[in-house]
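The structure appears below as structure tokens.
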Amino acid sequence: MAALPARLGDWRQARELLRNLVAKELKVRYKHSALGFAWSLLTPLLMTAIFTVVFATFLRIPVDRFAAFFLAGYLIWQFFANSVNASVGAIVSNGSLIRKVYFPREVIPLSLVLSQAVHLLLALAVTAPLFYVLRGNFLPFVPALLVGLVLLVAFTAGMSMLFAAVNVSFRDLQELTQVMFMAWFYGTPIIYPRYLVDDAVADAEGWLMTVLPWIQRIVEANPMTWFVQLFQRPLYGVPAHPEVGAAPPTWPDATTFLVCAAWAVGTLTFGWWLFRRRAVTFAKEV
Amino acid sequence: MARRGQQAPTADAAHAPDRFAIDVTGLHEVFRVYTERPPGLKERLYRFRRARYHEFHALNGVDLQVRHGETVALIGPNGSGKSTLLKCIAGILPADAGEVAVHGRIATLLELGAGFHEELSGRENIYLNGAILGLSRAEIAAAFDDIVDFAGVREFIDAPVRNYSSGMYVRLGFAIAVHVDPDILLVDEVLSVGDQTFQEKSLAQMRSFSQKGKTVVLVSHDLGAVRSLCERTLVLHHGEIAFDGPTDDAIEAYQQLLATGELPAAGVVEEGRTGDLRARITGVRVEVAGTGGTGRGGQPSPVGPVAAGSTARVDVEVTPQADLIGQGGLSVGINVRRPDVQPSVYETRTSWRASYVAPPPQGTPLTVTFDLDLGLLTGAYLIDVMVANAETNVLHERWTSAVELAVEGPTHDAGIATLDARVRIDNPDGVWPPESHPPPLDEGGPRYHPVRDGSDEPEGARDAR
């Protein structure tokens, strides 16, 4: 190590630490629960059951195979929301460590994101047969899923660092995040297909004619809309009314892919830059 | 792991002899102390109402250069900035002004077991904590057995650390930290953990660090440890370096700081002599009755050897160098110590004995005589002499190791003081003094005995029993 430039040594150390912290997160999370890892699969499945009963049976959201449609989006959402929610208070709650030891602070949010990514991978692996049975063969599109996963992790990591850094000087964010993510969830086409928004805009009357186009623009600008789409296409297919029947799994279109790539690179760059800038004084503030 | 400084130095240059291991110049560290709760939504919304805080200058322009291989202690009262300085060197806190340059891989022992996870086993925590301290998996694996043995937690290594006693917890933390094998080790008040045995092990570990040519910066209130580990000590006071020099002088300055709130006005005049020198020790004379051992302060050879139990007369002559009349009495004291033992063997001052010593006019000597019973055992003893103001405790002069005294005591005892045991053994048939007739070995006699095995047989020794 003596011959290596200092920065490289730093980087090697950070990677080592990151690996250990991810392992810790995974080990500790279900240490005392009887079902252990099964929970990272059970939760989305139970949620799917509940949402299917409420939104497909009672409220009759007009989409083919609601359970598969919902699960494809919800797995992605759960990863994103859990990562950011865990990261937002992580710098503050690890204060004693930050005040006592020097290490690259990025590893705290990154380890949380990566451990969530492991849960996501497991959940995808276990629910894969379900998609296969309900929606058809998605195996040819696995490369799209892998690229999507990389982009999603990059986007989520950027967001997590952003939230973690801002929360150090602005502690209210931690409380705000709960509500914010609730709104964000409903602003993302997960329990409803995106064409319902377009239909509503087309059918709008009166004051709704001014409000709904705005909502449509918000949904369109929402990066999670595109990430959900990025995974929905290869896992579920193109959403459509039940009587029409949704198209089987396919490649995501170029627009979706490019929008997601832009969000991933932009968010990661900005989030990391801000985090680095703020990290210098973390030890003083926590 | 040298990270900071304006230019990131490469590790090649880290050991260049012309570079300091630690080079701190003009370091300021400012903390905002909020008088209300930390800034939240309300403060952000009402921008006109500024958050109320005052600035606390934890470090006020500190300069510190530490050479490679040096072992340096930082001492000072609580809140003087010791830990802050250490954190700045470690890179945990950024410099608000000034520069911190570090050349070499750093490890910090600021809090033992920081980053331990309660639910994980000792084994898992060793890997996790090692990674936090910057070790690779291979390095930890190589040191793993050493760490476990050093901490003495082998049988609990697979139990969650939640179940560890607090002693085991900190021992494990310490064991990991000292196995980081850094170039520079920063230690904050962690040497006093664990029981006596473990403390000795920790001290030995620190010593071996110094001997291996590593740079060590130690913050401690344990002055005994500081004395035994460091040659150079800095005293911090209100975020400034108040003293930088030999450890004994630094500790003297620090103790005076604690007692009076002020530092000695003048520094070291010559080796071993410190104080404000408004009164000086102009002579020290030692005479041991009977054995004829005499000596003067500052002579290179020890007085003696003198017999244990004899009486020594120590004359201390002090002379005011300024007009001290009306500024309170003088206190003249002596401190007898062994160079290898903490704390001192014996210390007294005239002021402790409630005797008022009026300062003589400027330039007029005054002699205080101490008659000492040397109830000591064999060894070298050092006598420190001091003169201070009896009321304010301001030190005029301390002469460390003014005289060395060699004492020869009975060879059948060991230690410092002779408590002169009278020995009785409650087993008349099992004790065979030199002049007795013991039975052979297989009938319960001693393995060797001068009478039985052919030395001169004392007359009637057996009958006397």
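The values are calculated or read from the model by the stated rules, or taken from the named source; none is laboratory data. The structure displayed is predicted, hence computed values, not measured ones. All Cβ positions, glycine included, derive from the backbone under ideal geometry; neighbour counts span all protein chains shown.
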Query raised in the report: What is the residue count in region A:203-251 for residues that are over 20 Å from the mean Cα position of the chain (by Cα) and in a helix (DSSP H, G or I)?
Result: 11
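For A:VAL179, indicate whether it is exposed (fewer than 14 other Cβ atoms within 10 Å of the Cβ), closer than 27 Å to A:LEU42 by Cα and within 14 Å of chain B (Cβ to nearest Cβ). Walk me through how you get there before you give the answer.
Working: exposed (fewer than 14 other Cβ atoms within 10 Å of the Cβ): yes; closer than 27 Å to A:LEU42 by Cα: yes; within 14 Å of chain B (Cβ to nearest Cβ): yes.
It is true that A:VAL179 is exposed (fewer than 14 other Cβ atoms within 10 Å of the Cβ), closer than 27 Å to A:LEU42 by Cα and within 14 Å of chain B (Cβ to nearest Cβ).
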Query raised in the report: Just one of A:PRO129, A:PRO143 is exposed (fewer than 14 other Cβ atoms within 10 Å of the Cβ), more than 30 Å from A:LEU59 (Cα to Cα) and free of Cβ contacts under 8 Å to residues at least 24 places away in the same chain; which is it?
Result: A:PRO143
Query raised in the report: Restricted to region A:96-110, and to residues that are among the charged types (D, E, K, R) and within 13 Å of A:ALA14 (Cα to Cα), which residue is nearest to the other protein chains (Cβ to nearest Cβ)?
Result: A:ARG105
Report summary line: Sole miss for B:ALA107 among (1) aliphatic (A, V, I, L, M); (2) outside any strand (DSSP E or B); (3) closer than 14 Å to B:VAL178 by Cβ; (4) modelled with pLDDT under 90 is condition (2)
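For region B:118-127, which residues satisfy the criterion of being touching a residue at least 12 places away in the same chain (Cβ under 8 Å), surrounded by fewer than 23 Cβ atoms within 10 Å (Cβ to Cβ), at the interface with chain A (Cβ under 10 Å from one of its Cβ atoms) and not in a strand (DSSP E or B)?
B:GLU118, B:GLU119, B:LEU120, B:TYR127
If you take the residues of region A:165-176 that are in contact with a helix residue (DSSP H, G or I) (Cβ under 6 Å, 6 or more places away or on another chain) and within 13 Å of chain B (Cβ to nearest Cβ), which of them is nearest to A:PHE275 (Cα to Cα)?
Restricting attention to region A:165-176, the residues satisfying the condition of being in contact with a helix residue (DSSP H, G or I) (Cβ under 6 Å, 6 or more places away or on another chain) are A:165-168, A:172-174.
This time we only want the ones that are within 13 Å of chain B (Cβ to nearest Cβ), so: A:166-168, A:172-174.
Numbers: A:VAL166: 8, A:ASN167: 11, A:VAL168: 10, A:ASP172: 18, A:LEU173: 15, A:GLN174: 16 Å.
Filtering first and then ranking leaves A:VAL166.
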Query raised in the report: Got a sec? Which of B:GLY173, B:GLY130, B:GLY115, B:GLY167 is outside any loop (DSSP other than H, G, I, E, B), facing chain A (nearest Cβ under 9 Å) and among the small types (Gly, Ala, Ser)?
Result: B:GLY130
Query raised in the report: Given the residues A:SER83, A:SER40, which is the only one that is under 30 Å from A:ALA240 (Cα atoms) and either of a type in the set (Gly, Ala, Ser) or within 14 Å of chain B (Cβ to nearest Cβ) (or both)?
Result: A:SER40
